[in-house]
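Engineer: Sharing a structure below in structure tokens format, with a few things to ask.
The values are calculated or read from the model by the stated rules, or taken from the named source; none is laboratory data. All values derive from a computational prediction rather than experimental measurement. Areas reflect the complete protein model, heavy atoms only, side chains present, ligands, DNA and RNA absent. Shrake-Rupley method; radii C 1.70, N 1.55, O 1.52, S 1.80 Å.
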Amino acid sequence: TRFRMNHTKLNSHMAAKKLLDSPLCTNCNMNIAEGIHHFLLICPGYSQQRQKLRSSLSNLGVVNPTIKDLLGGSDLDPQAKSKITHLVSRFISETGRVRDL
């Protein structure tokens, strides 16, 4: 829900609220803001967890997931959306970032 509302404790959001000095991701060397898209789809610091997520998504027929897919806004059937929500929750848990989000 926090991801859908764009209200997380990722660095980009915390910096926008003046609670952090920098929006940059501290989990990689990409020199890019740590927003939802970066966290879920790009950050190399979570590549192992993301590979597991992508493999599970592929089994559901979602080969190139988008933020829309991952946050429940796709045109997939409700059962698939529920499974994706579970997989994303597992990804977040496996990254160790639950408290930060």
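Engineer: Quick one: angle between helix 78-95 and the longest Cα principal axis of the chain, in degrees between 0 and 90, rounded to 10, please.
Structural biologist: Helix 78-95 sits roughly 40 degrees off the main axis of the chain.
Engineer: Using the heavy atoms of the protein chains alone and a 1.4 angstrom probe, what is the accessible area of the range 44-101 per residue in square angstrom?
Structural biologist: Spelled out: the 1.4 Å probe surface of the range 44-101, per residue, equals 60 Å².
Engineer: Now, a different point. Would you calculate a helix-derived [θ] at 222 nm for the chain, using -39,500 (n - 2.57) for each DSSP H run of n ≥ 4 and dividing by the full residue count, to the nearest 500?
Structural biologist: -12000 deg cm²/dmol, from helical runs alone.
Engineer: A follow-up question, please. Given a 1.4 Å probe and the protein chains all in place, what does the accessible area of His7 round to, in Å² to the nearest 10?
Structural biologist: About 80 Å², ignoring ligands and nucleic acids.
Engineer: At 1.4 Å probe size, with the rest of the protein present, what percent of the exposed accessible area of the range 1-69 is carbon and sulfur atoms?
Structural biologist: Reported share for carbon and sulfur atoms: 50 percent.
Engineer: Give me the angle, in degrees from 0 to 90, between the Cα long axis of helix 47-59 and the longest principal axis of the Cα atoms of the chain, rounded to the nearest 10.
Structural biologist: 20
Engineer: Let me ask another. In percent, what relative contact order does the chain have, based on Cα pairs under 8 Å that are 6 or more apart in sequence?
Structural biologist: Answer for the chain is 24 percent.
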